[in-house]
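Since the structure comes first, as structure tokens, the remarks are kept for the end.
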Amino acid sequence: MIEVAGLTKHYGSRTAVFDLTFTVRPGKVTGFLGPNGAGKSTTMRMILGLDRPTRGTATVAGRRCADFPDPLREVGALLDAGAIHGGRTARNHLLQLAQGNRVPAARVEEVLSLVGLAGAAKHRVKGFSLGMRQRLGIAAALLGDPPVLILDEPVNGLDPEGIHWIRQLLRGLAQEGRTVLVSSHLMSEMALSADHLVVIGKGRLLADMPMAEFVERHSRQAVHVATPRPAELHALLERADLAYEVVESAPDQGVFEVRDAGAATVGDLAATAGVPLHQLFTQRASLEDAYLTLTADSTEFRTGAGAQPTGGGA
Ligand code: ADP
């Protein structure tokens, strides 16, 4: 188990992480999600004992990582894969790590095949693509067969096949009962691989809950309704005091999105007034939308106008 309590990190006057408290449990993939600059890497470095917290604590299995005699056998980590020394071969890089952590040399061959780098074992790392470096970094994380894994943006630089592979790998590691903490700035990535979500923005905790609950709580629901007599539907919705929006892409067809009522309410309302409906269905906002809404105030750099559709009458 990874336990983070009141974890805070200031860099000069800059607050990278503020009062974070959460627990990462075994047997699950926990997604650590947040926009770029949210403080994910800083938090992971503090958990791994590579950075000193200004306040608070981070422990793995009840101990500080810095106190582990053979850290690779306790916690496997992938941080900055680009930072691997380039002159060595993949095999030598892993052999050196294995020696320093009392891991048998035979394990090096095992992890090389596990990550699909057996054929490139004798090649120097400097010729590796970012995707191959990521795989090598993952091989290093798995070297000590650790019960806890901490991976910072592991899909970075991987092609679609590699991304699929990483997802399966994370699932498998969690199913074996390991504790898996994996960061990403992409909700789409987490939606497919995480069982539990910890979301941060500007160093602060925004959500900590099972993926299913996050979906339930944060995805907005809207009723999509189309009528050949839009003026009448307008009037009905206004009178019933329901928040709605006219879908601009279909102005002639009288397509509306109603925010705070179910399909039955809207359908009944139209039926009672004799207004014909050509479409009536419930639409869930995508998880991506939910994530963007949650983190909207904590994104450092925004692109575009950032216009958010708002409810309310036209
Ligand atoms: P993330 O991993 O979520 O993208 P980081 O943990 O890398 O976020 O960064 C969080 C914040 O801390 C950012 O504003 C970043 O600029 C700042 N930061 C990170 N490391 C340092 C450092 N060594 N010195 C100064 N500021 C830093």
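Data overview
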{"item": "Computed magnitude of the charge dipole of the range 222-285 (debye, nearest 20; Cβ of K, R +1, Cβ of D, E -1)", "result": "160 debye"}
{"item": "GluC sites (Glu not before Pro) restricted to the range 111-205 and DSSP loop, no more than 12 other C-beta within 10 Å", "result": "E176"}
{"item": "Mean accessible surface per residue for the chain, computed with a 1.4 Å probe while every protein chain stays in place, in Å²", "result": "48 Å²"}
{"item": "Inter-probe distance in nm under a simple model that places probes 7 Å from Cα toward Cβ, at L50 and D67", "result": "2.2 nm"}
{"item": "Extended-chain gain in nm, criterion 0.36 nm per residue less alpha-carbon gap, L192 and D159", "result": "10.3 nm"}
{"item": "Count of lysine pairs in the chain with Cα separation under 20 Å (8 or more residues apart, or interchain)", "result": "4"}
{"item": "Calculated FRET value between A105 and V215, using beta carbons and R₀ = 51 Å, to 0.05", "result": "0.70"}
{"item": "Carbon/sulfur fraction of accessible area - the chain, other protein chains in place, 1.4 Å, %", "result": "51 percent"}
{"item": "Net charge of Cβ neighbours under 10 Å - reference L112; Lys, Arg +1; Asp, Glu -1", "result": "+1"}
{"item": "Label-to-label distance, nm, for residues given as A235 and K126 (7 Å Cα→Cβ offset)", "result": "7.9 nm"}
{"item": "Within the chain, helix-based [θ] at 222 nm, where runs of 4 or more DSSP H residues each add -39,500 (n - 2.57), nearest 500", "result": "-10000 deg cm²/dmol"}
{"item": "Positive-pole candidate from G267, A226, G254, dipole of the range 222-285, charges at beta carbon", "result": "G267"}
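The values are calculated or read from the model by the stated rules, or taken from the named source; none is laboratory data. Bear in mind that the values here come from a model prediction, so they are computed numbers and not experimental data. Cβ: placed from backbone, ideal geometry, glycine included. Neighbour counts: every protein chain shown. Areas reflect the complete protein model, heavy atoms only, side chains present, ligands, DNA and RNA absent. Shrake-Rupley method; radii C 1.70, N 1.55, O 1.52, S 1.80 Å.
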